[in-house]
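Working notes, structure below.
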Amino acid sequence: MDQSSVTLERMRSFVRVVERGSLSAVAREQGVGQSTVSRHVAELEAALGASLLNRTTRRVTLTDEGQRFHTEARTILRLVEEAADGVRNAGGGLIGTVRVSCTAALGVRHVCRALFAVQDRYPELSVDLGLTDERIDLVREATDVAIRLGPLAESSLQRKAVGRSRRILVASRRYLADHGRPEKPDDLVRHSIIRMSNVAGSDTLCLYGPDGATSRVPVGGRLLVDHGLAAREALAQGRGIAAAHVWLVDDLLAAGAIEHVLPDYAPEPVPLSILIVPGRIRIRRIRLVVDALAAALTELPGIDRP
């Protein structure tokens, strides 16, 4: 084996090809030609004297040798990054990039400010914030941290439970003046409900009452949206009633633009979590960002700590 040819650059290209499943995707990610990524992998295979990948026109898979080397290569790359991180940040600063993914409405309304505060404290810290309501694969998309609302499937990711996000029924004064105020859950059947197309079962409101009883109310309306900020705007414009996270509408409530409807009834709170790619929490900049986000999120309106 030609050890001098087993370089970190070639190892990184190989590991990312395995994680993305595509040479072209890694080339776009690294800003190089696909031939460069292919050459890195081929040179690594030549240095090791073993085939690491099975390549077809549709996908890339690991050989048995590739599987073993991939596990070790990831460990080596992580240790190198941790060592470099320790040297760079020995003076107490925070250098490098942290990649964060967050649901769009929460990111725009609150997470941005929390990240700005971290950057104000550490001017050399870079943040790459991706706002999407899709549940991305953190490893595949080279993302360090994700803030997630809702139940989580079993995964290898590390999870930090932040709390539970309370939701309430709200509507604008104008809407209530024009359409009347519901007095009991069944009254919602006759109202326009602003529903989320990316939330399963949004055509039924499940409300928990003061006596612990559950009311399941079929609901409808002319507006279906796939973004929390669109639902917020629809509420402000008097388009209907919605079950909204308190952190999404707290300022509208305080200003009197919208009102709490059926205050004795509420949908079930939604779990709020931070997910971290395994091993990344040992890197100081990522650990500090996770801690700062957790502290900021627990202080949001409507978040009940675990």
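The values are calculated or read from the model by the stated rules, or taken from the named source; none is laboratory data. Keep in mind that this is a model prediction, so the values were computed, not measured. Virtual Cβ from ideal backbone geometry, glycine too; neighbours counted across all protein chains shown. Ligands, DNA and RNA are stripped out before the accessible areas are found, and what is left, the full protein with its side chains, is counted by its heavy atoms. Shrake-Rupley method; radii C 1.70, N 1.55, O 1.52, S 1.80 Å.
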Discussion item. Using only DSSP helix segments of four residues or longer, with each worth -39500 (n - 2.57), what per-residue ellipticity at 222 nm results for the chain after dividing by its residue count and rounding to 500?
Written reply: -11500 deg cm²/dmol
Practice prompt. For every other residue with a beta carbon closer than 12 angstrom to the beta carbon of residue 100, add +1 if it is Lys or Arg and -1 if Asp or Glu, then tell me the sum.
Written response: +1
Response to the item:
Taking Lys and Arg as +1 and Asp and Glu as -1, residues besides residue 267 with C-beta under 12 Å from its C-beta add up to +3
Worksheet item: Share of antiparallel DSSP beta bridges in the chain, in percent to the nearest 5?
Response: 70 percent
Item to complete: Give me the percent of the accessible area of the chain that comes from carbon and sulfur atoms, probe 1.4 Å, all protein chains in place.
Response: 48 percent
Worksheet item: Can you tell me the accessible area per residue over the chain, all protein chains present, probe 1.4 angstrom, in square angstrom?
Response: 51 Å²
Fill in: Cα-projected label distance for residue 84 with residue 140, points at 7 Å along beta-carbon direction, nm
2.6 nm
Discussion item. Let me check I've understood the local charge: for residue 20, count other residues with C-beta under 13 angstrom from its C-beta, Lys and Arg +1, Asp and Glu -1. What total comes out?
Written reply: +1
Worksheet, complete the sentence: In degrees rounded to 10, the 0-90 angle between helix 112-121 Cα long axis and the longest Cα principal axis of the chain is 50 degrees
Worksheet item: Among 114-120, 296-302, what's the highest-first ranking by average C-beta atoms within 10 angstrom per residue?
Response: 296-302, 114-120
Practice prompt. Can you figure out the FRET efficiency of residue 253 with residue 206, using R₀ = 22 Å and their beta-carbon distance, to the nearest 0.05?
Written response: 0.50
Discussion item. Tell me which of 168, 273, 238 sits at the most positive position along the dipole axis of segment 168-306, charges placed on C-beta atoms (Lys, Arg +1; Asp, Glu -1).
Written reply: 273
Practice prompt. Considering Cα pairs under 8 angstrom that are at least six residues apart, work out the relative contact order of segment 91-229 and quote it in whole percent.
Written response: 22 percent
Fill in: Peptides ranked, highest mean first, by Cβ atoms within 10 Å: ranges 47-56, 103-112, 209-218, 143-152
103-112, 143-152, 47-56, 209-218
